[in-house]
Amino acid sequence: MITVKEALTQKEMTDFVTFPFQLYKNNPYWVPPLIKDELKSFNPKNDIFKSVTARYFLAYQDGKLAGRIAAIINWTEVNTLHKSKVRFGWFDVIDDIKVTKALLDKVIELGNEHKLEYMEGPVGFSNMDKAGMLTEGFDQIATMIGLYNHAYYPEHLKTLGFTIEAEWLEYKIDAKQVDLGKIEPLSRIIEQRYAVKSLNFKSTKDIIPYVDEMFGLLNKTYAELQSFVPIEQFQIDHYKEKYISFIHPDFITCVTDKDGKMIAFGITMPSFSKAFQKANGKLFPFGFLHLLRAMKKNDHAEFYLIGVDPEYQNKGVTALILKRMYEVFTKRGILTVETNPQLEENKKIQQLWKNFSPIIHKRRKTFRKDL
């Protein structure tokens, strides 16, 4: 017997957050989140819910927890971008399509309640959350902000009549393939031609005054992509608080014009995936030590975000970012670099890696169904 109930109590929300720890126990590729941070993200007092409605559901099979799902409406997306969509995210389920259907039916109910036209997922509250169901690369460890799922997930959705809505690619790059002999002369030419320069940081504290400007640049960079929803100030504040402690100044580079205005930035980080696996959802008593070690000694990095003002796109300013990346990777002994998910339609960002012999090692998709 399958039953689905809404998670409303603190215990039920804890069950919602910790269910994947049961589902993926001993899986070498799944990367657990920090339980405390996940619970905090769902706190209804968070400013993110000024523009988002979310409900959380748990599925039980014969009384045993068997799945979870979040049904989400991003009202900026609905009212400003006129996308009549209900989202679903935080979707995890045992290999039973009946349980999958029972969970998705709850998302349909929310969509119908608000007279929306279709559903799509997995996605989060906004573009800054994890998105896209893994469809290739099940034998690859997830990044800290990448979803992992079993191979039967997309098969369940296809059987239930879902179609592909968007696709993301993830690349793996050998850091030795970054040829400074090409990048360095180009970066000097770009600096002189456009009167731009790199801005690097010495401490996390130095980064904070520039974070809002980075998010503003993200809004300009990705505005044309079909899935992009503008990031609002209260969302910026939320994600700033959530991720700033993981950002090391060595791994952030900005490019400014002659007036000091930011025109491009890139954020990479040492990979925390294995450290998060060791922490197993908790910073204390020893989880934070694994994260500190990953920050200080690591041979693998992840490319998180890049933003370029449309006025400077296709003018080579990313050479300054790549040059700084190369210097940091050499200094820190980074051997491999992994990109986070990049929309298949985003050909501009994919062009960044063309000279570095990139390997596509993961693909992920969101799935859609009309209500």
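The values are calculated or read from the model by the stated rules, or taken from the named source; none is laboratory data. As the structure is a computational prediction, the values presented were derived from the model and not from experiment. All Cβ positions, glycine included, derive from the backbone under ideal geometry; neighbour counts span all protein chains shown. Quick note on the areas: whole protein, heavy atoms, side chains included, nothing else; ligands and nucleic acids left out. Shrake-Rupley method; radii C 1.70, N 1.55, O 1.52, S 1.80 Å.
Summary table
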| item | result |
| --- | --- |
| Test: residue in region 338-346 that is crowded, with 21+ Cβ neighbours inside 10 Å, among the charged types (D, E, K, R), over 30 Å from Leu110 (Cβ atoms) and at pLDDT 90 or above | yes |
| Subset of region 80-98 (residues that are of a type in the set (Ser, Thr, Tyr) and out of contact with any helix residue (DSSP H, G or I) (no Cβ under 7 Å at 6 or more places or on another chain)) | Thr80 |
| Positions within region 1-16 being without any contact (Cβ under 8 Å) to a residue 60 or more places away in the chain and in a helix (DSSP H, G or I), in sequence order | Gln10, Lys11, Glu12, Met13, Thr14, Asp15 |
| Per-region count, region 1-16, residues touching a Phe, Trp or Tyr at 6+ places or on another chain (Cβ under 9 Å) and either open to solvent by 30 Å² or more (accessible area, probe 1.4 Å) or farther than 26 Å from Ser273 by Cα (or both) | 9 |
| Filter pass, Phe19 being part of a helix (DSSP H, G or I), more than 20 Å from the chain's Cα centre (by Cα) and either surrounded by 19 or more Cβ atoms within 10 Å (Cβ to Cβ) or among the aromatic types (Phe, Trp, Tyr) (or both) | yes |
| Index of the failed condition, Ala66 passing every other in (1) open to solvent by 40 Å² or more (accessible area, probe 1.4 Å); (2) more than 21 Å from the chain's Cα centre (by Cα); (3) aliphatic (A, V, I, L, M) | (1) |
| Close pairs (7 angstrom Cβ cut-off, 6 or more residues apart or separate chains): on the phi > 0 side of the Ramachandran plot in region 231-253, part of a helix (DSSP H, G or I) and surrounded by 18 or more Cβ atoms within 10 Å (Cβ to Cβ) anywhere | none |
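Conditions (1) closer than 23 Å to Trp30 by Cβ; (2) open to solvent by 20 Å² or more (accessible area, probe 1.4 Å), marked per residue:
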site: Leu116; (1), (2): no, no
site: Met119; (1), (2): no, no
site: Glu136; (1), (2): yes, yes
site: Ala142; (1), (2): yes, no
site: Lys172; (1), (2): yes, yes
site: Val178; (1), (2): no, no
site: Lys182; (1), (2): no, yes
site: Pro185; (1), (2): no, yes
site: Tyr194; (1), (2): no, yes
